[in-house]
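One structure below.
The values are calculated or read from the model by the stated rules, or taken from the named source; none is laboratory data. All values derive from a computational prediction rather than experimental measurement. We place every Cβ from the backbone using ideal geometry, glycine too, and count neighbours over all the protein chains shown.
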Amino acid sequence: MSNQTKASLSISPVLSVAKDEWRYWFRSKLAMSVLLIGVLLTLSSVVVTGINMIELAHERAAMQNSSEDTFMDQPDRHPHRMVHYGHYAFRTPAPLSMLDPGVDAYTGNSIFLEGHRQNSAMFAEQKQSTGLTKMGNLSPAFILQVLAPLMLILIGYSAITRERESQTLAFLLAQGTSMFTLLTGKGLALFSIVILIMLPVAIAGLFAIVQGESTLVVLYFLFTYTLYLLTWTLAILLCSTLLAKNSESFTALSFIWILLCIAMPRIASTSASVVVPVAGKLETDFAVLADLRKLGDGHNANDPAFNKLKQSLFDKYEVDKVEDLPINFRGAVASASEEELSKVLNRFAEKRMEEELAQTETARLFGWLSPQIAVRSLSMLTAGSSIETHHRFLRETETLRLDFVQALNKTHIEQLNYIDDINRNNGEEGWAKARVSAENWKIIEGFKFTTDSPAVRIERGFSSLIQLLFWSVMLALLLSLASKNLARRASF
Amino acid sequence: MVAFTKHIAREWRFMLRQRYVLILLVCAFILSSFAVFTGVSEVSSQRQTIERLKLADETDRLEAQAKYDDPGSLAYYTFHLSYSEPSNLAFAALGERDTYPWKHRIRMLALEGQIYESDAQNAELAQAGKIDFTFVIAALSPLLLILLFHDLSANERTSGRHDLLVTTAKMKIHLWGARIVVRLLAVFLCLLLPFYVAAFISDTAWSSIALVSLWCFAYFIFWTLISVYVGRKSSSAPRVASALIAIWVLFVFILPILGDLAIKQAVHSPKGGDILMVQREAVNAAWDLPVETTMDAFVAKHPKYANYKKEHEGFNWGWYYAFQQVGDQTAANLSQAYADASQRKYDFAAYVAMLSPPMLLQRKMTRLANSDAIAAFQYEKEIRSFHAELREFYYPWLFLENDFDKAVLSDLPNFNNNENQHKKQNKVDTNER
């Protein structure tokens with residue numbers, strides 16, 4: 001800062017403060033190595049995660065297609081056999097998940113769809129992990145949320161304290177540089193580091209646009225991270241202004257970082273799971289089973305639970321024997337019972353998802369206590385890699401499941417003769433007769449899971465955005481108070 | 001020695017007057033207490049869940065057993081609970097129990113279709129990770145120690161007291177040694193007191209408590225030595241702390257992440273989905289195959305039932321369960337390869353952990369608490385052997401005997417019965433590692 005006086009008058013004083021800060025960093029081995037490591041780390045995480053997610057997207061799309069083809073290639077069969085043969089659905093990741101994969105590795109990505117059952121998504125990648133990424137992972141989101149603030153601290157902790165320790169602050173103020181100019185200049189210098197760190201992320205953002213993500217969402221995504229890092233810039237300036245010594249500022253800032261970025265996120269999820277416990281699927285399944293038993297077994301057309309259905313069909317077609325019905329009664333039973341069963345299953349599934357969402361939202365409330373939590377939620381919600389998106393995947397696959405099962409049941413009702421059907425177990429001939437043409441398997445429509453619309457995603461993240469804005473505004477206010485206070489004390 | 005105790009007493013009083021040290025210690029105590037308290041509550045809720053499940057499972061099974069009389073339907077409609085109970089140390093190391101399932105209900109159908117069902121917890125919370133005692137020690141305690149020890153000499157240097165102190169103190173060790181001992185002791189107490197209380201409540205084995213104490217102590221010494229060593233000559237406390245935090249980032253994040261990438265590249269695993277596909281194709285195809293094809297494949301692995309009773313027309317349960325089993329047999333190689341890959345990945349991670357003390361500590365703790373991936377693999381094996389016991393129980397009635405008497409259901413294998421035997425096995429495993 002000693003060469004402040006040499007600054008030419010033509011450039012604004014703020015820029016000259018920023019320039020001097022950069023000059024100081026260039027001479028500091030620490031600042032330069034942190035900056036270099038920071039940019040390299042972000043760059044490599046963007047590349048590695050990007051490649052990984054694009055591969056996953058292709059892989060899952062390919063598996064989706066092959067699953068559909070296998071289904072349609074099945075030979076002539078009894079339609080109910082196809083209900084049990086089942087179908088697969090895969091969750092393709094959102095384009096922005098190459099910046100924030102979110103829950104992708106923690107939930108299963110494929111789901112087996114079959115009659116009479118709602119399976120859970122299976123084979124979460126985390127289950128085949130080395131256990132080494134329990135503390136942190138290489139995703140750009142993690143780097144930006146946790147490591148970038150640390151880099152900013154390492155580079156900027158002494159912004160003001162340095163001037164105080166070397167007695168240059170009073171000198172600067174006496175010369176007419178206002179505290180505001182000084183802070184703005186130093187802030188601008190730190191912000192340029194933020195821009196440097198964000199650069200590789202922005203490039204990946206462009207790539208996401210190419211992949212079909214909306215430009216608005218990508219800009220918003222980049223904006224929220226910039227705002228988050230700006231919040232840290234403010235916090236760094238604040239500590240540096242409040243405290244007298246470099247070492248104090250450093251200790252205070254690293255302590256705050258440990259609390260907000262390392263401890264708080266885990267405290268949030270632990271608290272949420274203690275405060276809002278969610279019963280496991282296994283446990284709610286008992287209640288489901290109890291309800292299902294009341295419905296009767298759809299495989300057994302003689303189950304008394306279906307007497308009402310039988311009577312209404314008799315009335316409709318004016319017959320008094322199932323054999324005389326123009327439709328296959330067993331198919332009608334299968335279809336009716338699937339309908340009822342899905343209602344029960346969905347009721348419980350919805351309840352479970354609601355509970356899980358309530359639990360997640362409780363954890364998100366901790367964004368008021370740590371900006372890291374605010375930006376983490378906001379990032380996942382914007383990218384479309386949060387629990388909400390997974391829930392929608394579960395809902396959509398359930399629709400897909402019910403559709404194909406009911407389409408098969410319709411075939412069962414309309415195309416398979418009742419007498420052939422009940423004689424299916426009577427030797428080879430009966431077995432061969434009780435089937436329908438493979439043409440009927442063409443009911444499978446291509447399933448492609450897409451991200452929520454930009455409006456929905458941005459709206460979901462609204463409260464997290466408010467939290468983040470709260471942090472930045474609060475810190476800006478505190479900084480302005482602290483700077484006035486310091487200016488009063490430092491000037492003679 | 002007396003002189004040293006005097007130094008200790010002086011340093012203790014000195015420490016209590018330093019506000020910033022006190023704040024750090026209080027925070028450490030609060031964090032550790034929170035982690036331990038929530039750990040105890042998590043473990044107790046897991047235990048309660050298991051108790052509730054056992055009860056519901058029993059009721060449900062009895063209901064199903066009352067409804068059906070033939071062995072085929074009984075095997076089809078009765079589910080069986082299996083679970084892996086948290087150990088008495090699990091409160092301190094919740095480990096992988098939020099990613100791997102620890103409870104299942106299975107029946108006698110093809111197991112490959114059932115075993116990967118997971119009753120996982122909230123994915124978004126699992127992604128953020130939970131705080132437990134192991135995390136507090138492995139990840140947070142080094143930071144605490146860095147903040148406490150990095151400025152031992154730098155602080156005195158900058159305030160100009162360094163040379164004076166060094167010349168007045170008879171031996172360097174008295175001055176720095178006493179200060180180090182006092183702070184280390186304070187950290188140890190603040191972090192481990194909550195653990196001891198919870199361990200006492202949870203009935204944790206003395207050997208485990210002693211082992212955990214030893215590991216923690218060694219770990220603290222390690223970080224203290226690094227902190228003091230890096231800071232020994234520098235006069236700039238922030239520079240020392242920056243270097244130390246960089247080392248921490250390297251150990252906690254960078255090395256494990258690089259190791260993870262390398263292992264993922266090195267170990268190839270079949271896709272989980274493929275196991276299911278193969279198994280499904282085999283089971284579904286069986287409906288259209290001649291009964292003999294399935295039975296031959298079945299008998300090849302189960303020669304005891306070579307003389308199975310032949311039923312000519314229509315559906316028969318023996319054939320049905322045989323093709324379920326043949327489905328498993330078809331997928332067995334894939335499934336084994338999948339399990340092996342998981343195991344290999346976890347084993348390779350041990351080498352990475354050698355380079356990263358925090359990872360090493362975490363692995364040691366979760367192994368001792370039996371809450372790591374190995375415990376999850378072991379549980380999967382237990383389910384497989386339980387499924388085999390179930391099949392062994394029903395097979396004679398399905399393939400050989402004719403007069404099924406429902407009274408034999410009282411001999412139905414129960415996952416619970418195996419518990420003691422499995423516990424012993426786990427102990428052997430722990431000792432080996």
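Is there a residue in region A:334-349 that is within 14 Å of chain B (Cβ to nearest Cβ), within 30 Å of the chain's Cα centre (by Cα) and polar (S, T, N, Q)? Scanning region A:334-349 turns up no residue that is within 14 Å of chain B (Cβ to nearest Cβ), within 30 Å of the chain's Cα centre (by Cα) and polar (S, T, N, Q).
Here's the yes/no breakdown for (1) acidic (Asp, Glu); (2) within 26 Å of the chain's Cα centre (by Cα); (3) buried (at least 21 other Cβ atoms within 10 Å of the Cβ):
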| site | (1), (2), (3) |
| --- | --- |
| B:Arg232 | no, no, no |
| B:Val240 | no, no, yes |
| B:Ala243 | no, no, no |
| B:Leu250 | no, yes, no |
| B:Gly259 | no, yes, yes |
| B:Ile263 | no, yes, no |
| B:Gln279 | no, no, yes |
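When region A:374-396 is filtered for residues that are more than 14 Å from chain B (Cβ to nearest Cβ) and either farther than 14 Å from A:Lys448 by Cα or crowded, with 24+ Cβ neighbours inside 10 Å (or both), only A:Thr382 remains. The residue list A:Thr177, A:Thr168, A:Thr184 contains one member that is under 20 Å from A:Lys245 (Cα atoms) and of a type in the set (Val, Ile, Thr), which is A:Thr168. Residues that are among the acidic types (Asp, Glu), surrounded by fewer than 23 Cβ atoms within 10 Å (Cβ to Cβ) and out of contact with any Cys (no Cβ under 9 Å at 6 or more places or on another chain) are absent from region B:355-378 altogether. Of all residues in region B:246-280, those that are within 8 Å of another protein chain (Cβ to nearest Cβ) and acidic (Asp, Glu) total 1. Among the charged types (D, E, K, R), within 29 Å of A:Phe348 (Cβ to Cβ) and crowded, with 23+ Cβ neighbours inside 10 Å, is that true of A:Arg91? For A:Arg91, the condition - among the charged types (D, E, K, R), within 29 Å of A:Phe348 (Cβ to Cβ) and crowded, with 23+ Cβ neighbours inside 10 Å - is met.
Name the single residue, out of those in region A:305-333 being under 27 Å from A:Leu292 (Cα atoms) and of a type in the set (Phe, Trp, Tyr), that is nearest to the chain's Cα centre (by Cα). Across region A:305-333, the extreme among qualifying residues is A:Phe306. Candidates are the residues of region A:110-120 that are buried (at least 21 other Cβ atoms within 10 Å of the Cβ) and more than 9 Å from chain B (Cβ to nearest Cβ); the one that is farthest from A:Phe90 (Cα to Cα) is A:Gly115. Checking A:Ser385, A:Ser437, A:Ser377 one by one, the residue that is over 28 Å from A:Gln118 (Cβ atoms) and touching a residue at least 40 places away in the same chain (Cβ under 8 Å) is A:Ser437 and no other. Within region B:231-245, the set of residues being more than 8 Å from chain A (Cβ to nearest Cβ) and either without any contact (Cβ under 8 Å) to a residue 60 or more places away in the chain or touching a strand residue (DSSP E or B) at 6+ places or on another chain (Cβ under 6 Å) (or both) comprises just one member, B:Ala243. Check region A:110-121 and report whether any residue there is assigned to a helix (DSSP H, G or I) and more than 30 Å from A:Arg376 (Cβ to Cβ). No. Of all residues in region B:246-282, those being touching a residue at least 12 places away in the same chain (Cβ under 8 Å) and aromatic (Phe, Trp, Tyr) number 2.
State whether the residues of region A:307-323 include one that is more than 14 Å from every other protein chain (Cβ to nearest Cβ), part of a helix (DSSP H, G or I) and among the acidic types (Asp, Glu). Don't jump to the end; show me each part of the working.
To start, the set of residues in region A:307-323 that are more than 14 Å from every other protein chain (Cβ to nearest Cβ) comprises A:307-323.
This time we only want the ones that are part of a helix (DSSP H, G or I), so: A:307-317, A:322-323.
Narrowing the set further to residues that are among the acidic types (Asp, Glu) leaves A:315, A:323.
So far as region A:307-323 goes, yes, one or more of its residues are more than 14 Å from every other protein chain (Cβ to nearest Cβ), part of a helix (DSSP H, G or I) and among the acidic types (Asp, Glu).
Checked against the criterion of being more than 25 Å from A:Ala279 (Cβ to Cβ) and more than 12 Å from chain A (Cβ to nearest Cβ), the candidates B:Leu16, B:Leu31 yield just one match: B:Leu16.
Taking region B:87-105, which residues are facing chain A (nearest Cβ under 7 Å) and assigned to a loop (DSSP other than H, G, I, E, B)?
B:Thr99, B:Tyr100
Pairing each residue of region A:60-80 that is away from chain B (no Cβ under 11 Å) with any residue that is loosely packed, with under 14 Cβ neighbours inside 10 Å, provided the two are 6+ apart or on different chains, yields C-beta distances under 7 Å for A:Glu68/A:Gly446; A:Met72/A:Lys442.
Quick grid of which residues meet (1) modelled with pLDDT under 90; (2) at the interface with another protein chain (Cβ under 7 Å from one of its Cβ atoms); (3) part of a loop (DSSP other than H, G, I, E, B); (4) out of contact with any Pro (no Cβ under 7 Å at 6 or more places or on another chain):
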site: A:Leu96; (1), (2), (3), (4): no, no, no, yes
site: A:Ala105; (1), (2), (3), (4): yes, no, yes, yes
site: A:Lys127; (1), (2), (3), (4): yes, yes, no, yes
site: A:Thr130; (1), (2), (3), (4): yes, yes, yes, yes
site: A:Asn137; (1), (2), (3), (4): yes, yes, yes, yes
site: A:Ala148; (1), (2), (3), (4): no, no, no, yes
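Restricted to region A:248-267, and to residues that are touching a residue at least 12 places away in the same chain (Cβ under 8 Å) and facing another protein chain (nearest Cβ under 7 Å), which residue is surrounded by the fewest Cβ atoms within 10 Å (Cβ to Cβ)? Applying the filter and picking the extreme gives A:Ile262. Anything in region A:156-176 that is more than 10 Å from chain B (Cβ to nearest Cβ) and either of a type in the set (Gly, Ala, Ser) or closer than 30 Å to A:Pro200 by Cα (or both)? List them, or say none. Matches in region A:156-176: A:Gly156, A:Ala159, A:Ile160, A:Ser166, A:Ala170, A:Ala174, A:Gly176.
Scanning region A:285-342 for residues that are closer than 21 Å to B:Tyr76 by Cβ, free of Cβ contacts under 8 Å to residues at least 40 places away in the same chain and of a type in the set (A, V, I, L, M, F, W, C) yields A:Phe286, A:Leu289, A:Ala290, A:Ala301, A:Ala305, A:Phe306, A:Val333. Close Cβ contacts (under 9 Å, 6 or more residues apart or on different chains) running from residues in region B:300-321 that are on the phi < 0 side of the Ramachandran plot and surrounded by fewer than 12 Cβ atoms within 10 Å (Cβ to Cβ) to residues that are aromatic (Phe, Trp, Tyr) and at pLDDT 80 or above comprise B:Asn307/B:Phe399.
Of the numbered criteria (1) at pLDDT 90 or above; (2) within 14 Å of chain A (Cβ to nearest Cβ); (3) outside any loop (DSSP other than H, G, I, E, B), the one B:Ala64 fails is (1).
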